[in-house]
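The values are calculated or read from the model by the stated rules, or taken from the named source; none is laboratory data. Quantities reported herein were computed from a predicted structural model and do not represent experimental measurements. In this analysis, Cβ positions are derived from the backbone assuming ideal geometry, glycine residues included, and neighbour counts consider all displayed protein chains. Heads up: the accessible areas ignore ligands, DNA and RNA and are worked out on the full protein's heavy atoms, side chains in. Shrake-Rupley method; radii C 1.70, N 1.55, O 1.52, S 1.80 Å.
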Amino acid sequence: MDDLKDKYLTQIAEAQDEDTLETLRISAVGKKGEVSLKMRELGKMTPEERQIAGPALNALKDEINSALSAKKAALADAALDERLRSEWLDVTLPSRPERRGTIHPISQVTEEVTAIFAEMGFSVAEGPRIDTDWYNFDALNIPGHHPARAEMDTFYMHRTEGDNRPPHVLRTHTSPVQIRSMEATGAPTRIICPGGVYRADYDQTHTPMFHQVEGLAIDRDISMANLKWVLEEFVKAYFEVEDVELRFRASHFPFTEPSAEVDIRCSWEGGQLKVGEGDDWLEILGSGMVHPKVLQAGGIDPAEWQGFAFGMGIDRIAMLKYGIPDLRAFFDSDLRWLRHYGFAALDMPTLHGGLSG
Ligand code: DAH
């Protein structure tokens, strides 16, 4: 009995966790534990022997049980202490350093443009950046021999011998989305499509990838007057000015008839652009009434429906509004530039909450 007592009290004292304690409990005082087996032997003893061994065994059992529960409580205390040590929080520390990430001006301007047109009932449509030459050209009334194809500096996708899929291009403008959205929704429709476009060109105002926003409104009696109003509303909201004068200059695009390029009145005093005043004019977009052939290509009957369309450079209007001199910097991923021109991540542009914060 003394041996059993020594053995178990030592092992209980040394136990490091509850599982070990439980194993010890089972092998000492469990149903088939060593102490329990000894108790069963009492029956075989003489009454005299039993009178001594019985109380001694009971005392041993009690001693082991209370050692077990004392140790269990000690282990729980130690675990709590350890948790309190590791989970402390110093509320006197200063708050986290200022946010690092910013919203790129192109994302910001895309959100601003979307917010403005959404208010006028335009939804956002999307199309693929790699498109067939049919969507990018033919459907927009730019047939194979048309000079506009050569002027666009198109990137053609590589084709292997015997490939008889239609030729694919990196879209040179967002105008193919006009056709795709006419196909998808029919008339009437009112969409804008912001997105990346590609042309083989590179200097201070041209990069091989840039961004446009296309606009398209089709209904039964749409005219240039609607186009003019929508663009005026847009320019006032976007440049955040009360009044602005637009100049519609006759122009030519294969996909519109008539076509107009649109300039806004501005001044460049001290190199600082001011929109809405001054004697200068700044071209900001191309537009016109959708050509009947384009409506037809999109599956819409030009005898029943008319529409206006426009295409505007997002990077360009971002440069103008935020005074960014070099287009190429947009795509350099220079963190110093991004921190300077970037926008706070949580300031979503809205017409009521303010566009540019
Ligand atoms: N797609 C033309 C370009 O990239 C821009 C454009 C002009 C789009 C007139 C239009 C439009 O929808 O009506 O230069």
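State which entries of Lys5/Lys72; Lys38/Lys72; Lys236/Lys293 exceed 22 angstrom in Cα-Cα distance in the structure shown. The pairs that break the limit, which is 22 Å between Cα atoms, are Lys38/Lys72; Lys236/Lys293. Ignoring any ligand, DNA or RNA, what whole percent of the accessible area of the chain comes from carbon and sulfur when the probe is 1.4 angstrom? Within the chain, the accessible surface is 52 percent carbon and sulfur. With a 10 Å cut-off between alpha carbons and a GNM built on the chain, which of Arg180, Arg129, Arg50 moves the most? Sorting by GNM fluctuation, first place goes to Arg50.
Pairs of Cα atoms under 8 Å, at least six residues apart: use those to get the relative contact order of the chain, whole percent.
16
Rounded, prolate or oblate, given the Cα gyration tensor of segment 163-229, with a/c below 1.5 counting as rounded?
On the way: a/c = 3.41, a/b = 1.43, b/c = 2.39.
It comes out oblate by the Cα gyration axes.
Between the listed residues Phe253, Ala118, Ala148, the Cα displaced farthest toward the positive end of the dipole of the chain, a dipole computed from Cβ unit charges relative to the Cα centre, is found at Ala118. Taking amide H positions as modeled 1.01 Å from N, with prolines and chain starts lacking one, the residues under 5 Å from Met157 and 5 or more places away or on another chain are His168, Val169, Leu170. The heavy atoms of Asp221 offer some 130 square angstrom of accessible surface to a 1.4 angstrom probe. Treating each Cα of segment 2-84 as one equal point scatterer and applying the Debye formula with no solvent, the log10 of I(q)/I(0) at q = 0.13, 0.18, 0.26, 0.27 Å⁻¹ comes out as -0.46, -0.75, -1.22, -1.28. Dipole magnitude for segment 266-313: computed about the Cα centre from +1 point charges on Lys and Arg Cβ and -1 point charges on Asp and Glu Cβ, it is near 240 debye. Listed by chain and number, the lysines whose alpha-carbon sits under 17 Å from that of Lys31, ignoring those within fewer than 8 places in the same chain, are Lys61.
Kindly identify segment 236-357 as rounded, prolate or oblate by the Cα gyration tensor criterion: order the square roots of the eigenvalues as a ≥ b ≥ c, call it rounded if a/c is under 1.5, otherwise compare a/b with b/c, prolate if a/b is larger, else oblate. It is prolate, given that a/c is not under 1.5 and a/b is the larger ratio.
Any idea what the dipole of the chain comes to, in debye rounded to 20, about its Cα centre with Lys/Arg Cβ at +1 and Asp/Glu Cβ at -1?
Values: 38 positive and 58 negative charges, 237 e Å.
Once rounded to the nearest 20, the dipole reads 1140 debye.
Once you order the gyration tensor axes a ≥ b ≥ c over the Cα atoms, which shape class does the chain get: rounded for a/c under 1.5, otherwise prolate or oblate by comparing a/b with b/c? Please report the intermediate quantities before stating the final value.
Working: a/c = 4.24, a/b = 3.02, b/c = 1.40.
Verdict is prolate for the chain.
On average, how much accessible surface per residue is there in the chain, in Å², for a 1.4 Å probe, leaving out ligands, DNA and RNA? Write down the numbers at each step before the final one.
Working: 20350 Å² over 357 residues.
Heavy-atom SASA per residue in the chain reads 57 Å².
Hey, what angle do you get for helix 18-29 against the long axis of the chain, alpha-carbon based, 0 to 90 degrees rounded to 10? Rounded to the nearest ten degrees, it is 30.
Placing Ile191, Ile52 in order of accessible area, with the largest value first and a 1.4 Å probe, yields Ile52, Ile191.
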